[in-house]
Amino acid sequence: MKASTIWDKCWLRRLVAAAFWIMVWQGVSLTLPTVLFAGPVPTVQRLLAMLPEKELWYSLCCSLGKVGIGFMLAFLLGTVFAIFSYHSRLIRLLLEPAVQIMKSVPVACFIVVALVWVRSDQISVLTAFFVVFPIVYINLSEGMHSVDRKMLEMAQVFRLSRRKSLQAVWLPAVMPYLLTACRVSVGMALKAGVAGEIIGLPRWSIGEQLYLSKLYLDTAGLFAWSLIIIALSLALEKLLLLAVARIQKQWGVPV
Amino acid sequence: MIRLEQVTKGYDGKCVINRLNWQIGKGERWRITGASGAGKTTLLRLLMGVDLPDSGYVIGAEQLRFCPVFQEDRLTGHWSALQNVALVCEEGSRVRDILSALLSSDALNQPVFTLSGGMRRRAALARALAADGDILILDEPFTGLDEQTALRAWNTVLRYQEGRTLILVSHGISLPDEEMQTMAL
């Protein structure tokens, strides 16, 4: 196989890029004390040591469950409100400032305010919702407004059923926007949810574990948890895209 | 069957159709003629109820089902010709007959965005012919087709008209006058 053909492989390029950054990480860690900046080896060792601990799995399940609830609620309501606002100018007008506020207010500010209203163990649900809702709402609204008017006319003249109109006209236009919303919002939901937990410190949460690592100057633990969050974010994004692809296939929309 | 009474329609202050009277009977064949911009497509849109007249009446069209070839193909690009046709009717031997009369077999299952302009046009024509309805509305259905292919397509139209009213707008291709009435704009 030619060198250029091997290089063309996507995974190989990613591996090389990852290796480069691991080397940079290792290089920086050699210049600093481990308590301030743990290198890749102590981080992986700490991660392996954490794996059998029940705290890790409890925290993961609780955090993921809450972020998942917030994410799904935001996706559901974002979709419903996008549909309403497409049909009603009044609803669009009313929602505009709310969405603008959700987009602009820093997540940390929102978390501090939200902690006045809700218990700390609910904060990640609310934070994930707060971050995901505007992404879904805006993307779906744009997708719906991008639907070709001429195709809508075609559906009207041929008197297509709702299901057929959805398949042939709406989904092909909206799906790219929905995919973008999925890609962007999964990682954002996890990041915002964990940020909420770090401030609210609910029991059994990733945020609490990160905070404790910081408190005990366990930098390797802190980095290990960060690695877990990155891996989770990537895995969730892939899972969600797989689910969307499955829906697309089922509905006859291109993947 | 459909009656237009004193129908007037304009865009941006320009009158396109002025006080038009027209009566179309069941099963009739009509050809609409006129220069570019004379209002042929506008007239078809008024018939289908996609546009409303500024004044006058279109009577009897609302309960009819139209089978149109629009000025543009208006096909779902990533679907095959077969899927596009199956969208408007039950897939069966009739649909396959219509499609195979208009398109080669290897073009039937390809996504329509990969087909040539002429093939997409014929897929749109196949969809109109296969659809269940009362009136065939064909707005430039032979665009992108050479004379011979257009004639073959026209014969397919006549074969599958099946008692439906036919209204045709076609430029540039000379078709045999199959007892067609003319509406000149």
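The values are calculated or read from the model by the stated rules, or taken from the named source; none is laboratory data. Small disclaimer: the values here were computed from a predicted structure and weren't measured. Neighbour counts are summed over all protein chains in view; Cβ atoms, including those assigned to glycine, are modelled from backbone coordinates with ideal geometry. These area figures cover heavy atoms from the full protein model, side chains too; ligands, DNA and RNA do not enter into them. Shrake-Rupley method; radii C 1.70, N 1.55, O 1.52, S 1.80 Å.
Scanning the stretch B:54-66 for residues that are part of a loop (DSSP other than H, G, I, E, B) and not small (Gly, Ala, Ser), which turns out surrounded by the fewest Cβ atoms within 10 Å (Cβ to Cβ)?
Result: B:63.
State whether the residues of the stretch B:112-122 include one that is within 14 Å of chain A (Cβ to nearest Cβ) and within 12 Å of the chain's Cα centre (by Cα).
No; the residues of the stretch B:112-122 include none that is within 14 Å of chain A (Cβ to nearest Cβ) and within 12 Å of the chain's Cα centre (by Cα).
Based on this model, can you work out whether residue B:83 counts as without any contact (Cβ under 8 Å) to a residue 24 or more places away in the chain, surrounded by 15 or more Cβ atoms within 10 Å (Cβ to Cβ) and either touching a helix residue (DSSP H, G or I) at 6+ places or on another chain (Cβ under 6 Å) or not acidic (Asp, Glu) (or both)?
yes
Of the conditions (1) in a loop (DSSP other than H, G, I, E, B); (2) surrounded by fewer than 20 Cβ atoms within 10 Å (Cβ to Cβ), residue B:15 clears all except one; give me its number.
(1)
Would you be able to tell me the number of residues in the stretch A:202-239 that are within 26 Å of residue A:119 (Cβ to Cβ) and open to solvent by 70 Å² or more (accessible area, probe 1.4 Å)?
Within the stretch A:202-239, residues that are within 26 Å of residue A:119 (Cβ to Cβ) and open to solvent by 70 Å² or more (accessible area, probe 1.4 Å) number 5.
Which condition breaks for residue B:150 when tested against (1) away from chain A (no Cβ under 11 Å); (2) open to solvent by less than 20 Å² (accessible area, probe 1.4 Å); (3) over 16 Å from residue B:166 (Cβ atoms)?
In the conditions (1) away from chain A (no Cβ under 11 Å); (2) open to solvent by less than 20 Å² (accessible area, probe 1.4 Å); (3) over 16 Å from residue B:166 (Cβ atoms), residue B:150 misses (3) alone.
Could you tell me how many of the residues in the stretch B:124-158 are charged (D, E, K, R) and over 15 Å from the mean Cα position of the chain (by Cα)?
Counting residues in the stretch B:124-158 that are charged (D, E, K, R) and over 15 Å from the mean Cα position of the chain (by Cα) gives 3.
In the stretch B:36-53, which residue that is open to solvent by 10 Å² or more (accessible area, probe 1.4 Å) and within 14 Å of chain A (Cβ to nearest Cβ) is farthest from the chain's Cα centre (by Cα)?
Here the answer is B:52.
Only one residue in A:157, A:147 is over 19 Å from residue A:233 (Cβ atoms), surrounded by 22 or more Cβ atoms within 10 Å (Cβ to Cβ) and within 14 Å of chain B (Cβ to nearest Cβ). Which one?
Only one candidate passes the filter, namely A:157.
How many residues are among the hydrophobic types (A, V, I, L, M, F, W, C) and in a loop (DSSP other than H, G, I, E, B) when one looks only at the stretch A:19-78?
Result for the stretch A:19-78: 6.
Out of all the residues in the stretch B:67-81, is one or more in a loop (DSSP other than H, G, I, E, B), more than 9 Å from chain A (Cβ to nearest Cβ) and closer than 21 Å to residue B:132 by Cβ?
The answer is yes; a qualifying residue exists.
For the stretch A:144-165, give me each residue that is assigned to a helix (DSSP H, G or I) and closer than 16 Å to residue B:78 by Cα.
Across the stretch A:144-165, the qualifying residues are A:151, A:164, A:165.
Can you tell me which residue among A:166, A:178, A:190 is in contact (Cβ under 8 Å) with a residue 60 or more places away in the chain, more than 11 Å from chain B (Cβ to nearest Cβ) and open to solvent by less than 10 Å² (accessible area, probe 1.4 Å)?
Only one candidate passes the filter, namely A:190.
Inspect all residues belonging to the stretch A:48-65 and state whether any of them is open to solvent by 70 Å² or more (accessible area, probe 1.4 Å) and in contact with a helix residue (DSSP H, G or I) (Cβ under 6 Å, 6 or more places away or on another chain).
No, the stretch A:48-65 contains no residue that is open to solvent by 70 Å² or more (accessible area, probe 1.4 Å) and in contact with a helix residue (DSSP H, G or I) (Cβ under 6 Å, 6 or more places away or on another chain).
Please determine, by comparing only the residues of the stretch A:122-144 that are β-branched (Val, Ile, Thr) and open to solvent by 10 Å² or more (accessible area, probe 1.4 Å), which one is farthest from residue B:48 (Cα to Cα).
A:125
Of all residues in the stretch B:98-109, count the ones that are touching a residue at least 24 places away in the same chain (Cβ under 8 Å) and surrounded by 15 or more Cβ atoms within 10 Å (Cβ to Cβ).
Counting residues in the stretch B:98-109 that are touching a residue at least 24 places away in the same chain (Cβ under 8 Å) and surrounded by 15 or more Cβ atoms within 10 Å (Cβ to Cβ) gives 6.
I need the strands (runs of 3 or more DSSP E) fully contained in the stretch B:85-185, keeping only those with at least 2 residues that are in contact with a strand residue (DSSP E or B) (Cβ under 8 Å, 6 or more places away or on another chain) and at pLDDT below 90.
Correct list: B:181-184.
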